[in-house]
Structure formats: C-alpha cells, structure tokens
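Here the structure comes first, spelled out in structure tokens, and everything after it is commentary.
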Amino acid sequence: MAGASLNGVSVLVAGAGLAGLAAARDLAARGASVTVVDARDRVGGRVWTIRDGFAEQQHAEAGGDLIDEAQEEIRRLANDVGLKLTRILRGGFGYVRQDGSGTPRVVHRGALRGWDRLADALTAETTPYRRAERRWDSPITARIARQSVARWLDDVNADQDLRATATGLRGFFLADPEELSLVALVDQFSDADAPAPGAMYRVEGGNDALPTALAKPLGTRLHLNTEVVAISQRGRVVRVAVKSRRAQSQITCDYAVLTLPATLLRRVPITPALPAQQHDAIAALKYGRATKTLLQFSKRFWRLPGRPRALGSALPFGALWEANEEQRGRAGILSLLAGGGASDATQAIAARQGIAGLADTLEFLGSRRAELTASRQIVWEDDAFARGGYAFFDPAFDPALRAWLGRPAGRLFLAGEHTSIKWQGYMNGAVESGLRAAAEVAAVHEMT
Ligand SMILES: Cc1cc2nc3c(=O)[nH]c(=O)nc-3n(C[C@H](O)[C@H](O)[C@H](O)COP(=O)(O)OP(=O)(O)OC[C@H]3O[C@@H](n4cnc5c(N)ncnc54)[C@H](O)[C@@H]3O)c2cc1C
C-alpha cells in the first residue's frame, strides 16, 4: 500500500460488500476521509453467514463460502485483520452421476475426470484463444464468445457424459449450457498458470467475520439502510443522492467508488452519462440464478471413509458439500448450491414437497438415517440488492466490452466481483477489485 497520498480527500464508497470494504480500508490507510453506504441492514453483501435457527451453535454460508489456496488477496486481507482460515474439504470434489436405472451414485475422482475430458474437447478453441493472449478485444474471442456452450456441445457431437459434465458446471458458472457463452468455458480452461485444484479454506467463525472486521474501524462513517439513488459529477465534485428510511439527502465528495452489482448499478441514473460502451456493458451483463439451501441434520450421515465431502452434479439439487466440517457437534450442515436451471428445479421441489422433499433427494447419501432439524433457503435472484448470484457472460455479451466494466469514468471508480478479470465470481475478485479501485483513486488524484 502506498503512503498517505489522499490526505484531505473525501471518497464515498457505495456498497459494503468485500469490494467496498476492501477499498474503504485501503483508502483510509492512504489518508482519505471515507464514507461507506449500503442499502442493506448489514455489511458483507453476498457474504452472509447464517447463524439463526441452527442447533449446537452451528453456522453456514448463504453466499460466498470456499476460498482457494491461490486466492492471495483475500487470504492476505483476512490475515491482516487477524482472522484465521480453516482448511476444509481435504478430499476435494467428487461427482454424482445417475446410473442406468437413474439412481445417483458417487464417483470419487469423477469431477476431475470430467474436467479433463472437457479440457481435451476444448483444445480446438483454447489454442487460438491462448494465441490471442486471452484478450477479450480480439476477433478470435468474439468468434468464440457468440456461441453458447450448448451449441458447441452439438458441434463437437458431445456424448452424454460430456454434456452432463457441462451441465454440472452450472454449480460453478450459475448458468446452463444454453445460457453460457463458450468463452467462459474456454477462458477457464486456458489458464496455464492455474494450479491444479488446491486446498480450500473458510474463515474461522464464519466468512462474515471478514466484512465485520473491515467495517469496524469505519464507525459512524458506515451508513447502513442507505441506498444510492443517483450520481452526478461536475468539475471536481461528485454528488451522490442517497435514500434512507424515505428521507433523501446528498453526499458531496471528491471521488466515488461504486461496487454495486451491475444489476443494481444500471438502475442508478448517472450524470453525465457514462461512455456508451460502458453503459452498454453494465446494461448487458447477466447474473446467474443461485439458490443455496442449508440443511442441518441430526448427524453427518454423508461421511464415509474415502468418500469426498463435496460433490458436483447435474442433478436438481446442484453441487453439495459439508458446510461446517470445522465446527463441533454431532449435528452437521449440508450446503446445496443450485445454479442456473438447478436453481429453478430446487425451488420447484421445495414448493411441491417442502424442504424435507429436497432433503429426500439426498437419500443416496443416506439422508433417511438422520433427522432434518433445521433449514434455510436463500434465493439470490430474488434478493433485492444482488438480483442474482454473480455475473456470467452469455453469447449476446460483446467480449470487447468487458474491460469497460472496471474502467474509471472521471471521478467514478468501478469495483465489485464482476469487474475482476482473473477472479470474477469470487470473493477474491471482489477484494482485489476494491484494492485496485482504491489505488486508481490515488493514482488519478496524484496526476490531477
Ligand atoms: C450463492 C453464492 C455462492 C458463492 N460461493 C462463492 C464461493 O464459494 N467462493 C467465492 O470466492 N465466492 C463465492 N460467491 C461469490 C462472492 O460471494 C461474491 O463474488 C462477492 O461476495 C461479491 O462481493 P462484492 O463486494 O463485489 O458485491 P456484494 O457483496 O454484492 O456487495 C455490493 C453491495 O452493494 C450493496 N448495494 C446494492 N445496491 C445498492 C444501492 N443502490 N445503494 C447502496 N448499496 C447498494 C449491496 O447491498 C451489497 O452489500 C458466491 C456467491 C453466491 C451468491
């Protein structure tokens, strides 16, 4: 972090998720006078630890959960604020596949094998994409991006297994093969630097400990229940209109860092208008459907020697994993992440048969041997201040516009998971984008 170059400078940060809070911490360390506003009644945004209702003082994550070994920014930030990360899910991800009779079966190394096959099948696309140095303004990328994954599967005459693997990835991309641009897949499989799936972690005591720790030093400079409703910049002044409990007021500042998801940012009038391409990028970006169901059972029936405690699938419940391996107690919580069409399917099961009906779909793991004692279901596409799980690129999105999502516009600086290039869709991407935006404010200020 640079020295105190922002003394006497006021910065408004919109959004108290990880991007906003990481930006606020960095800006304050540079000497800026920082105000943070968030429309919700809590900090953390899409990081939300659920504690209420679970027995044995257990908790689980409604949003961002798993932190990868390679995600350095979030790991460093957690360490800097004195938090510990706990290693979890050492057995990695297995896969659930239906056998000939339709019964789900756990295949142990299935996830990796499926990914290897997909990587092989994608070679004809990843080779030119790498030649374009993974640039999103290349016609090579434009050609790849306008195809859906579903169309590509047809073009390569994919077998059922490959199709099931691609569908299972909706637990990762939050989009079905019909909705997802092929570029998302090609980009994922073109990262030569990507380490093999490494260790996974979560924050000890709950991931919300991180936003809570970041928010603490803000004190009264953090305003919750405060929604940004309009933004204008004129000369050296930025004016942000906010609404809190029906009263509207205006905050005047030197710079603003905007970390709202694009789904919300595109509803906020900005004057003068953003450059046309930036406006279009923000308007066109899609967010995935994502339903998280947290099921607490009287015992951890899914644990068997040698069986992974995390499983991908193309089934209606989505991907599932033990949500609180690191916590004490006989009871245990399973986290079901249903993305894209699985989000609709999971909600349909819950509507027809209740959450118990959803729990029954886990019979193949032995769910009938335990009692379902508590549950929570969070539908992120219905969340008023997220309107989806995280961003994904569909075939209609012009990849050349991607860079505009994170480009500064005058005194406005854009951050948030969706603006990250390397870690889009992750908590790490949010943190890294917030730090980037803070450094951009400092750089612009120094040059003006
Ligand atoms: C179900 C699910 C599972 C996930 N799993 C993982 C995972 O395992 N690992 C991982 O790394 N990541 C995961 N993620 C992604 C991760 O949670 C996000 O990438 C990250 O938390 C986004 O942070 P952010 O600061 O960009 O956005 P947010 O956290 O959404 O913060 C933006 C803030 O802006 C506020 N806001 C919105 N509109 C306004 C307005 N008009 N005025 C003021 N404030 C406003 C919102 O209330 C919010 O607090 C998951 C996400 C979901 C939904």
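Summing +1 for each Lys or Arg and -1 for each Asp or Glu among the other residues whose beta-carbon sits under 15 angstrom from that of residue 420 gives -2. Between segment 4-25 and segment 218-245, what is the separation of their alpha carbon centroids in Å? Centre-to-centre distance over Cα atoms comes out at 12 Å. For segment 175-299, the normalised intensity computed at q = 0.17, 0.19 Å⁻¹ comes to -1.20, -1.23 (log10 of I(q)/I(0), Debye sum over alpha carbons, equal scatterers, no solvent).
Charge tally for residue 214 (other residues, Cβ to Cβ under 11 Å; Lys, Arg +1; Asp, Glu -1): -1. About its Cα centre, the dipole of segment 1-128 is roughly 220 debye, where the only charges are +1 on Lys and Arg Cβ and -1 on Asp and Glu Cβ. Residues whose amide H lies under 5 Å from that of residue 200, counting only those 5 or more places away or on a different chain, are 88; hydrogens are built 1.01 Å from N in the peptide plane.
Return the calculated 222 nm mean residue ellipticity for the chain, to the nearest 500 deg cm²/dmol, obtained by summing -39500 (n - 2.57) across DSSP H runs with n ≥ 4 and dividing by the residue count. Don't jump to the answer; show the numbers that get you there.
Values: 14 runs with 137 residues, N = 448.
About -9000 deg cm²/dmol.
Distances between placed amide hydrogens fall under 5 Å for residue 257 paired with 12, 13, 14, 413, all partners being 5 or more residues away or on another chain. Counting beta carbons within 10 Å around each of 232, 433, 313 and listing the fewest first gives the order 232, 313, 433. Alpha-carbon geometry of the chain: the Rg and the Dmax are 22.0, 69 Å, given in that order. Note on segment 93-188: Kirkwood radius taken over Cα pairs, Stokes-Einstein applied at 20 °C and 1.002 mPa s, translational D equal to 152 µm² s⁻¹.
Each residue in 72, 325 was given a count of other beta-carbon atoms within 10 angstrom of its own, and listing them fewest first yields 72, 325. Summing charges over neighbours of residue 399, with a neighbour being any other residue whose Cβ is under 12 Å away from its Cβ, gives +1 when K and R count +1 and D and E count -1. Segment 18-79 gives an Rg/Rh value of 1.04, both radii derived from C-alpha positions and Rh following Kirkwood. Our note on the geometry: Cα centres of segment 141-192 and segment 37-106, 25 Å apart.
Neighbour counting of Cβ atoms within 10 Å sorts the residues 427, 200, fewest neighbours leading, into 200, 427. A simple packing score, the average count of other Cβ atoms within 10 Å per residue, orders the peptides 10-21, 410-421, 33-44 as 10-21, 410-421, 33-44, with the highest score first. Over 30 Å apart at the Cα level, from the set 292/422; 299/422; 84/422; 216/243, are 299/422. Couplings 3J(HN,Hα) for segment 22-39, derived from phi with the Karplus relation 6.51 cos²θ - 1.76 cosθ + 1.60 (θ = phi - 60°), are 5, 4, 4, 5, 5, 5, 5, 5, 8, x, 6, 8, 10, 10, 10, 10, 9, 5 Hz, where x marks Gly and Pro. The phi torsions of segment 228-241, fed into the Karplus equation with coefficients 6.51, -1.76 and 1.60 and a -60° offset, translate into couplings of 6, 10, 6, 9, 9, 10, 8, x, 9, 10, 10, 10, 10, 7 Hz, rounded to whole numbers, with Gly and Pro shown as x.
Here, each number is a calculation from the coordinates, and none is a lab measurement. Here the structure is a predicted model, which means the values were calculated and not measured. Neighbour counts are summed over all protein chains in view; Cβ atoms, including those assigned to glycine, are modelled from backbone coordinates with ideal geometry.
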